[in-house]
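A short write-up of the structure that comes next.
Derivation of every value follows stated rules applied to the coordinates shown; laboratory data play no part. What you see is a predicted model, and the numbers here were worked out from it, not measured in a lab. Virtual Cβ from ideal backbone geometry, glycine too; neighbours counted across all protein chains shown.
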Amino acid sequence: MNDSAGSATNWLTVLEVAEALRIPKGKVNRLLEEYSLVAVKKEGQLMIPAELIVGGEPLPPLRGTIILLLDSGYSIEESVQWLYTHSDVLGQTPLQSLLEGKKAPVRRLAQMIDL
């Protein structure tokens, strides 16, 4: 993944996420398997964007959005990059829209993807 479009401001390890969510590391792995969180390899280690944790919980609309992107043919790495790439349609990044509670426009945009 190139860091220019997909750069989170802060990356956390699985262990750091477990500590932030106050759950066992195995539960973080389960959240990753369920797409409630997403991680990319950076320097050989799985890293999770810190912005995906809001109020001590995974960002609720993330899972459905990631599943839509995967169904459209995106990889996890491409999905993370997409979340951090400015959209002219939204006027901001899809992640920023999700953080502001604008799930529907983000999902509509994700459904329009044609690889």
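Hey, can you tell me all the residues within the range 64-76 that are over 14 Å from Gln111 (Cα atoms) and assigned to a helix (DSSP H, G or I)?
The one that is over 14 Å from Gln111 (Cα atoms) and assigned to a helix (DSSP H, G or I): Ile76.
Quick one: Arg107 ticks every box in (1) outside any helix (DSSP H, G or I); (2) in contact (Cβ under 8 Å) with a residue 40 or more places away in the chain bar one, so which box is it?
Arg107 satisfies every listed condition except (1).
Which of the following residues is crowded, with 16+ Cβ neighbours inside 10 Å, part of a helix (DSSP H, G or I) and among the hydrophobic types (A, V, I, L, M, F, W, C): Leu15, Leu95?
Leu95 is the lone residue from the list that is crowded, with 16+ Cβ neighbours inside 10 Å, part of a helix (DSSP H, G or I) and among the hydrophobic types (A, V, I, L, M, F, W, C).
Considering only residues that are farther than 16 Å from Thr9 by Cα and either assigned to a loop (DSSP other than H, G, I, E, B) or under 10 Å from the mean Cα position of the chain (by Cα) (or both), which ones fall in the range 79-92? It would help to see each step written out before you state the result.
Initial filter on the range 79-92 (farther than 16 Å from Thr9 by Cα): 79, 87-91.
Scanning the range 79-92 gives Ser79, Asp88, Val89, Leu90, Gly91.
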